[in-house]
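Novice: I'd like to ask you about the structure that follows.
The values are calculated or read from the model by the stated rules, or taken from the named source; none is laboratory data. Bear in mind that the values here come from a model prediction, so they are computed numbers and not experimental data. All Cβ positions, even for glycine, are placed from backbone atoms using ideal geometry, and neighbour counts span all protein chains on display. Surface accessibility is based on the protein's heavy atoms, side chains included, excluding ligands, DNA and RNA. Shrake-Rupley method; radii C 1.70, N 1.55, O 1.52, S 1.80 Å.
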Amino acid sequence: MPSTAIRTCPLCEATCGLELTLEGTEVTRVRGDRDDVFSRGYLCPKGALFGEFEHDPDRLTTPRVRRDGELVEATWAEAYAHIADRLPAIQAEHGHDAVAVYLGNPNVHNLSGQLYVRPLVKALRTRNVHSASSVDQLPKHVSCGELFGDPLAIPVPDVDRTDLLVVLGANPRVSNGSLMTAPDLPGRLDALRDRGGRLVVIDPKRTRTAAKADEHLAILPGTDALLLSAVVATLIQEELIALPDHLDGLVKGMDEVLDQLRWFTAGRVAPTCGLEAERIRELARALATTPRACVYGRLGTTTQPYGTLASWLVDVVNLLTGHLDVDGGAMFPHPAHHRTRRRPFRTGRWHSRVRGLPEAIGELPVATLTDEITTPGDGQVRALITVAGNPVLSTPDGEALDAAIADLDLLVCVDPYVTATSRHADVILPPPSALQRPHYDLAFSALAIRNVANYSPPVVAPDPNVPDEWELLLTLAAIALGQQPPIDTAAADAFVLRQAVDGVIADPTARLATHDPDELLAALGERPGPDRLLDLLLRAGPYGDGFGLDPDGLSLAELRDHPHGIDLGPLQPRLPEALRTASGHIELAPAAFVADLTRLAGEVEPATAAEAPPSDAAGDGLSDGATLTLIGRRHLRTNNSWSHNVAGLAKGQQLCTLQLHPDDATCRGLVDGGTARVTSTTGSLEVTVEVTDDLRPGVVSLPHGFGHDLPGVEQTVARANPGVNSNVLTDRHALDPISGNAVLNGIPVEVAPA
Ligand SMILES: Nc1nc2c(c(=O)[nH]1)N[C@H]1C(S)=C(S)[C@@H](COP(=O)(O)OP(=O)(O)OC[C@H]3O[C@@H](n4cnc5c(=O)[nH]c(N)nc54)[C@H](O)[C@@H]3O)O[C@H]1N2
Ligand SMILES: Nc1nc2c(c(=O)[nH]1)N[C@H]1C(S)=C(S)[C@@H](COP(=O)(O)OP(=O)(O)OC[C@H]3O[C@@H](n4cnc5c(=O)[nH]c(N)nc54)[C@H](O)[C@@H]3O)O[C@H]1N2
Ligand code: SF4
Ligand SMILES: [Mo]
């Protein structure tokens, strides 16, 4: 008899509800859950193939251990013993920093990753913590950390109520949204236009989102901060600045920001942006005069040389046009879980050993991991633990990293596949199927355009002989602390819970400050694993039952009774309550940001731009006939590096092509379907050409996450149609200097027939 189960999709940030049909443990059909309070039945091609992701025959079900050079199957005990033999010894001999960690994107889609990676990182006591954040959204964290005092207080566009949405460097019709959790963004963008609203897309490419917009501005890569500065300069010139009433008197540094940005007039910057000045001015006027309007910036604005400035200026523009923390503007979500109040935000609490790059949100830029592995000296990295990451394909200068990790003394990968990265592993620890674990979106409920809470219990009973991902992470933590496996993970979990309870009670902003920790522990009961921690966070959270304070409030039990989720309503204004700055104000003019405006201004002066190193010369992206500017793209049927093995998704299509404008193709003798050689200062590759006028002349596009033909990769479908690793072309020395985020867009390349 088939059974059905309701579950939130873990494959992207949209958090759609899935209705799964199962025969035994096998998913035989997936539909959108029409009763889901947020997604209302929406489903994309990836979600529809959720079952194929889970049942992929290449997924590992037992650990692998390297013996005589070969990655062979091993028992869990053997795999753990292998790690216990080496990991503590490496740290004892070479110091804690000799072990680095890389945390990949799927951790954020996984309750175990969200709750148990931190204990592992703490146990390792290393400064060499890296994650996919520094090839993604780190500039936004740093910008919000400085402005609002909380790197996780990220305003999201109130898509359902806005009448003008300006999208910079994002393609939500394909990505389904990022730092903007909303199922069915295609439908929501249609609805915006149906109610008479306008969508403006600013992107070097006429993307699917741009093609369906009211206006598309084909900006040159890397010039968003200039464009946004010119919007502010126009607001100043035309006296259009009007803060939201409730924020008057709450903003510090406003005069300084205005003084600094006045110079960046539309007339001055427009040629560098590749746009007409008047269109920038019109954009400023439209933002200022539309009562419900919002600017939203995403990946194209963060993975570039001015990532922090662009992220900052998005919020500056929203504030100055009266749209920050206001209905229909950019608003702060209020998720259901308790979030511990952090110390005042600060970057640079430590620096990377080799390049002296500053820490941000507890991590160092992954772009410098190769340097830390290959540069001898005290503190050299000799071991690496990856959890849900594939840095060889997803971080800059992938070839150099590939070579570096091959020489490590120990590589442990927590991953279900033998990938471009984990092929070098000494031990691979595969997590169980997503069907066997509970799901709750701690990260994405804090970025959602409505306040929603939705819990999914495991669909398939966990196998008692296979560790769940949280057990695996706690085992690694215990090993790092010198314990010998087998580890009592229930005891380790009790310790983690005790710390979490103490943390909640110690938090002066928590509702439970006067509670007795033992009472809370007793109320949470004896059930190790993420459910219990989640229950604590929900009950202590703003809508929670407060362990008796509000009997009608939220708890895990309450969510279990609502399998389609609980809608907690539209976003509400949250300032000043959500501010965590020391001053209690919005700090609009962080010193480092203001200082970086000098570099930005240098992009405008042709004489200065000419002196900048090529990787920083983003403003000079206008095609000079020889050098082209490379950007990336996503496809509806991909998910970073790890969806290409799902046969039903890939469908044998050639998705990894170099897209370029017909004029750029013709003058180089390139034809559609032919092969081009693409060369940057870092590397070179050959790739199939796709000629399209979707790109503006001078800009070419190549997706990331491909390149699955390296020796040893065990992804049969992906290998058959491997594509190329675009990060062979990206430079690990090209960073946004404030955040340390890698520059993955706007790469100067030469393109010629192969
Ligand atoms: N050039 C270029 N590079 C980019 C980007 C770009 O636009 N251009 N985008 C960047 C962005 S935004 C991101 S987020 C990064 C992503 O970079 P990564 O996070 O390094 O890469 P993913 O491809 O997401 O790899 C995830 C790995 O997690 C494994 N995995 C999947 N599910 C689970 C699970 O439940 N548990 C565990 N333990 N493992 C799991 C997969 O098998 C895969 O090996 O790439 C970045 N790199
Ligand atoms: N189908 C699918 N969905 C995904 C993913 C996936 O791999 N596949 N990955 C997920 C992840 S990890 C993330 S982080 C999100 C990302 O979500 P988005 O940010 O929406 O995704 P991208 O398609 O990378 O959009 C970036 C856009 O920026 C443009 N761009 C490049 N350089 C510049 C520039 O300098 N300025 C401006 N204005 N635009 C520029 C590119 O042309 C591109 O259209 O998507 C998520 N969703
Ligand atoms: S849009 Fe994202 S969350 Fe929704 S079904 Fe597709 S992959 Fe899953
Ligand atoms: Mo990402």
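Novice: Please verify whether the stretch 309-329 includes one or more residues that are more than 24 Å from Leu258 (Cβ to Cβ) and touching a Lys or Arg at 6+ places or on another chain (Cβ under 8 Å).
Specialist: Just the residues of the stretch 309-329 that are more than 24 Å from Leu258 (Cβ to Cβ), to begin with: 327-328.
Next cut, touching a Lys or Arg at 6+ places or on another chain (Cβ under 8 Å) only: 327-328.
Scanning the stretch 309-329, I find at least one residue that is more than 24 Å from Leu258 (Cβ to Cβ) and touching a Lys or Arg at 6+ places or on another chain (Cβ under 8 Å), so the answer is yes.
Novice: Taking the conditions exactly as written (buried (at least 24 other Cβ atoms within 10 Å of the Cβ) and either within 20 Å of Pro711 (Cβ to Cβ) or in the same structural domain as Pro119 (by TED's automatic domain parsing) (or both)), does Ala406 satisfy them or not?
Specialist: no
Novice: What about Leu226, is it in a helix (DSSP H, G or I), open to solvent by less than 60 Å² (accessible area, probe 1.4 Å) and touching a strand residue (DSSP E or B) at 6+ places or on another chain (Cβ under 7 Å)?
Specialist: Answer is no for this residue.
Novice: For the stretch 154-169, enumerate the residues that are touching a Lys or Arg at 6+ places or on another chain (Cβ under 7 Å) and open to solvent by less than 10 Å² (accessible area, probe 1.4 Å).
Specialist: Ile154, Val159, Thr162, Leu164 - these are the residues of the stretch 154-169 that are touching a Lys or Arg at 6+ places or on another chain (Cβ under 7 Å) and open to solvent by less than 10 Å² (accessible area, probe 1.4 Å).
Novice: Count, please, the residues in the stretch 125-173 that happen to be closer than 28 Å to Thr290 by Cβ and among the polar types (S, T, N, Q).
Specialist: Residues flagged as closer than 28 Å to Thr290 by Cβ and among the polar types (S, T, N, Q) within the stretch 125-173 amount to 4.
Novice: Continuing with the same structure: Report, by residue number, each residue of the stretch 733-754 that is touching a Pro at 6+ places or on another chain (Cβ under 8 Å) and open to solvent by less than 40 Å² (accessible area, probe 1.4 Å).
Specialist: Of everything in the stretch 733-754, those that are touching a Pro at 6+ places or on another chain (Cβ under 8 Å) and open to solvent by less than 40 Å² (accessible area, probe 1.4 Å) turn out to be Ala734, Leu735, Asp736, Ile738, Ser739, Gly740, Asn741, Ala742, Val743, Leu744, Asn745, Gly746.
Novice: To continue, here is another question. I'd like to check something: does the stretch 61-72 contain any residue that is among the small types (Gly, Ala, Ser), in contact with a Pro (Cβ under 7 Å, 6 or more places away or on another chain) and away from ligand 1 (no atom under 15 Å from the Cβ)?
Specialist: Checking the stretch 61-72: not a single residue is among the small types (Gly, Ala, Ser), in contact with a Pro (Cβ under 7 Å, 6 or more places away or on another chain) and away from ligand 1 (no atom under 15 Å from the Cβ).
Novice: Would you mind telling me which numbered condition in (1) part of a loop (DSSP other than H, G, I, E, B); (2) away from ligand 1 (no atom under 16 Å from the Cβ) Ser143 fails?
Specialist: (1)
Novice: List every residue pair whose Cβ atoms sit under 9 Å apart, with the two residues 6 or more apart in sequence or on different chains, where the first one lies in the stretch 305-328 and is in the same structural domain as Val743 (by TED's automatic domain parsing) and the second, anywhere, is of a type in the set (D, E, K, R) and open to solvent by less than 10 Å² (accessible area, probe 1.4 Å).
Specialist: none
Novice: Let me spell it out: the conditions are (1) in contact with a Gly (Cβ under 9 Å, 6 or more places away or on another chain); (2) more than 19 Å from Gln653 (Cα to Cα); (3) outside any loop (DSSP other than H, G, I, E, B), and Ile738 meets all of them except one. Which number is the exception?
Specialist: (3)
Novice: I'd like to check something: does the stretch 347-367 contain any residue that is of a type in the set (Phe, Trp, Tyr), at negative phi and surrounded by 19 or more Cβ atoms within 10 Å (Cβ to Cβ)?
Specialist: Checked the stretch 347-367: no residue is of a type in the set (Phe, Trp, Tyr), at negative phi and surrounded by 19 or more Cβ atoms within 10 Å (Cβ to Cβ).
Novice: Has the stretch 242-259 got at least one residue that is open to solvent by less than 30 Å² (accessible area, probe 1.4 Å), more than 30 Å from the chain's Cα centre (by Cα), at pLDDT 95 or above and farther than 30 Å from Ala453 by Cβ?
Specialist: yes
Novice: Could you tell me which numbered condition Leu49 fails, if it satisfies all but one of (1) open to solvent by 20 Å² or more (accessible area, probe 1.4 Å); (2) within 15 Å of ligand 2 (Cβ to nearest atom); (3) touching a Lys or Arg at 6+ places or on another chain (Cβ under 8 Å)?
Specialist: (3)
Novice: Given Ala79, Ala14, which one is in contact with a Cys (Cβ under 9 Å, 6 or more places away or on another chain) and within 16 Å of ligand 1 (Cβ to nearest atom)?
Specialist: Of the residues listed, the single one that is in contact with a Cys (Cβ under 9 Å, 6 or more places away or on another chain) and within 16 Å of ligand 1 (Cβ to nearest atom) is Ala14.
Novice: Continuing with this model, one more query. Name the one entry in Thr375, Thr395 that is crowded, with 18+ Cβ neighbours inside 10 Å and either hydrophobic (A, V, I, L, M, F, W, C) or in the same structural domain as Asn128 (by TED's automatic domain parsing) (or both).
Specialist: Checking each option against the conditions leaves just Thr395.
Novice: Okay, next question. Could you check the stretch 633-731 for helices (runs of 4 or more DSSP H) lying wholly inside it with 2 or more residues that are of a type outside the set (A, V, I, L, M)?
Specialist: Filter on the stretch 633-731 gives 662-668, 716-720.
Novice: Whether any residue in the stretch 691-705 is away from ligand 2 (no atom under 16 Å from the Cβ), within 27 Å of Ala406 (Cα to Cα) and open to solvent by 20 Å² or more (accessible area, probe 1.4 Å) is what I want to check. Outline the logic, then answer.
Specialist: Pass one, the stretch 691-705, residues away from ligand 2 (no atom under 16 Å from the Cβ): 691.
Within this subset, residues satisfying the condition of being within 27 Å of Ala406 (Cα to Cα) are none.
No, there is no match, as no residue in the stretch 691-705 is away from ligand 2 (no atom under 16 Å from the Cβ), within 27 Å of Ala406 (Cα to Cα) and open to solvent by 20 Å² or more (accessible area, probe 1.4 Å).
Table: residues versus (1) in the same structural domain as Gly705 (by TED's automatic domain parsing); (2) part of a helix (DSSP H, G or I); (3) more than 16 Å from ligand 3 (Cβ to nearest atom); (4) open to solvent by 10 Å² or more (accessible area, probe 1.4 Å).
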residue: Glu93; (1), (2), (3), (4): no, yes, yes, yes
residue: Asp97; (1), (2), (3), (4): no, yes, yes, yes
residue: Val108; (1), (2), (3), (4): no, yes, no, yes
residue: Gly113; (1), (2), (3), (4): no, yes, yes, no
residue: Ala123; (1), (2), (3), (4): no, yes, yes, no
residue: Thr126; (1), (2), (3), (4): no, no, yes, yes
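Novice: Could you tell me whether the stretch 443-456 includes any residue that is surrounded by fewer than 16 Cβ atoms within 10 Å (Cβ to Cβ) and in contact (Cβ under 8 Å) with a residue 60 or more places away in the chain?
Specialist: The answer is no; no qualifying residue exists.
Novice: Tally the residues that are more than 20 Å from Phe38 (Cβ to Cβ) and within 16 Å of ligand 1 (Cβ to nearest atom), restricting the search to the stretch 176-203.
Specialist: 1
For every residue, the table says whether it meets (1) within 13 Å of ligand 4 (Cβ to nearest atom); (2) out of contact with any His (no Cβ under 7 Å at 6 or more places or on another chain); (3) over 23 Å from Ala734 (Cβ atoms); (4) of a type outside the set (S, T, N, Q).
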site: Gly95; (1), (2), (3), (4): no, yes, yes, yes
site: Val99; (1), (2), (3), (4): no, yes, yes, yes
site: Tyr102; (1), (2), (3), (4): no, no, no, yes
site: Leu120; (1), (2), (3), (4): no, yes, yes, yes
site: Leu124; (1), (2), (3), (4): no, no, yes, yes
site: Val142; (1), (2), (3), (4): no, yes, no, yes
site: Leu147; (1), (2), (3), (4): no, yes, yes, yes
site: Ala153; (1), (2), (3), (4): no, yes, yes, yes
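Novice: Just one of Thr692, Thr681 is without any contact (Cβ under 8 Å) to a residue 40 or more places away in the chain, away from ligand 1 (no atom under 11 Å from the Cβ), polar (S, T, N, Q) and not assigned by TED's automatic domain parsing to the domain that holds Thr207; which is it?
Specialist: Criteria check complete, one pass: Thr692.
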